Amino acid sequence: MSEDALKELMDFLEEANARVKQLEAEGDAAMAEGGQTAFQAKLEKKAELLASLGTRAAPLTKAIGGDLGRNIDDRLERFASSAATALRIGSVFFMTALLYPEDHQPGEPNDLETFIAELRKGI
């Protein structure tokens, strides 16, 4: 396993999560101003980012290798698959819910943040 690749992957995921949070905030601001179209556009960008996560992280998960690399790749592919489905069906509700479990409470981490924390702890 490459420790450098794992650190780089965690940094990459944290940047992706920060961008997701930014897009969500921008979408909320657009909705508050009555901009349904702008809100949807921000959520589509969020879904597109998540849909590409596995592909964009693949070189790092390969470098990590072994079971850990495969497990990370599988988890990222689940995020990507959900996002791709949301885009395919065009569901704004589904795009809003990406990364959030049904019982999510404000202030709790989203699923990507939880995954990053697991990686930092060494899964």
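Some points to look at:
- Of the candidates L23, L98, L119, the single residue that is out of contact with any strand residue (DSSP E or B) (no Cβ under 9 Å at 6 or more places or on another chain), closer than 27 Å to E3 by Cα and of a type outside the set (D, E) is L119.
- Within the set A83, A25, A63, A32, the sole residue that is farther than 19 Å from K121 by Cβ and in contact (Cβ under 8 Å) with a residue 60 or more places away in the chain turns out to be A63.
- Pairs, first without any contact (Cβ under 8 Å) to a residue 60 or more places away in the chain in the range 37-57, second assigned to a helix (DSSP H, G or I) and acidic (D, E), C-beta under 7 Å, six or more apart: K42/E26; K46/E24; G54/D73; G54/E77
- Leading residue by the ranking (modelled with the lowest pLDDT) among those in the range 88-123 that are open to solvent by 60 Å² or more (accessible area, probe 1.4 Å) and among the aliphatic types (A, V, I, L, M): I123
- For the condition of a type in the set (A, V, I, L, M), touching a Ser or Thr at 6+ places or on another chain (Cβ under 9 Å) and at pLDDT 95 or above, A30 does not qualify.
The values are calculated or read from the model by the stated rules, or taken from the named source; none is laboratory data. Source: prediction; values computed, not measured. As a convention, Cβ positions derive from the backbone with ideal geometry for all residues, glycine included, and neighbour counts pool all protein chains shown. With ligands, DNA and RNA removed, areas are computed over all heavy atoms of the protein, side chains included. Shrake-Rupley method; radii C 1.70, N 1.55, O 1.52, S 1.80 Å.
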